[in-house]
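Scroll down for the structure; my scribbles are underneath it.
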Amino acid sequence: MARNKADLRGLYVITEPGLYDPIEGARLALEGGAHILQLRDKNATTRRLIEVGSALRTLTRTYNALLIVNDRVDVALAVQADGVHLGQDDMPIALARRIVGERMLIGASTETVPEARQAEQEGADYLGVGPMFATATKPDAGAPVGPQRVREIKAVVSLPVFGIGGITLENASEVLSAGADGICVISAVFGAPDPLEATRQFLRLV
């Protein structure tokens, strides 16, 4: 594990078991050049998350990418991930920091400028801002905040910012032009006919 903010950039790909096998999908995305991979599965058992996470840890080490675990601090520690990503209803960032120590990255999901400021104050290493656009991947996501929100948040925090939610090859440049350090994608890669080629196309943008 290495808490290195310099690596927080580029293409951040999030697994979605309903779209593609997480391990095979991850392999294709990493082969295509993804910089960061997040293990996300809201329905899996803890045992299954550790099983998949361990396989993804091996893959990310092979491809020199970061592995982030969504929500679950315990799983992130168990598989020796590089970090954990927390939503507004998950464990408080400050508490997670006490548990994982200083070496593990902590990301935070934010929609508003106040949430972004608070996340930075509590010790987050990077922010996922969104949803940028309408998305069907996360039904409980709020109304789209648009790329302008990236610009607003970048103006008040010093953390790396990733745009997330409804990002496609057609609109990714809007998010990057607003100042995002990278983009998070799910269905645009794992819902594509060829996840490897889709990843490579995104890499040309970021």
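Structure data summary
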| item | result |
| --- | --- |
| Count of segment 118-132 residues which are without any contact (Cβ under 8 Å) to a residue 12 or more places away in the chain and touching a strand residue (DSSP E or B) at 6+ places or on another chain (Cβ under 6 Å) | 0 |
| Residue satisfying condition, being within 23 Å of VAL150 (Cα to Cα) and of a type outside the set (Phe, Trp, Tyr), within set GLY25, GLY101, GLY107, GLY18 | GLY107 |
| Filter pass, VAL157 being touching a Lys or Arg at 6+ places or on another chain (Cβ under 8 Å), of a type in the set (A, V, I, L, M, F, W, C), buried (at least 17 other Cβ atoms within 10 Å of the Cβ) and not in a helix (DSSP H, G or I) | yes |
| Counted residues, segment 24-53 - those being within 15 Å of ALA81 (Cα to Cα), under 16 Å from the mean Cα position of the chain (by Cα) and assigned to a helix (DSSP H, G or I) | 2 |
| Out of VAL52, VAL84, VAL69, VAL75, sole residue that is over 25 Å from ARG204 (Cβ atoms) and in contact with a His (Cβ under 9 Å, 6 or more places away or on another chain) | VAL69 |
| Tabulated pairs, segment 172-196, first farther than 22 Å from ALA108 by Cα, second among the acidic types (Asp, Glu) and surrounded by fewer than 24 Cβ atoms within 10 Å (Cβ to Cβ), C-beta under 7 angstrom, 6+ apart or interchain | PHE190/GLU16; LEU196/GLU31 |
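Only the coordinates and a few stated rules stand behind these numbers; no lab work does. Note that the structure is a prediction, hence the values are computed from the model and not measured. Methodologically, a virtual Cβ is constructed for each residue, glycine included, from the backbone with ideal geometry; neighbour enumeration extends over all protein chains shown.
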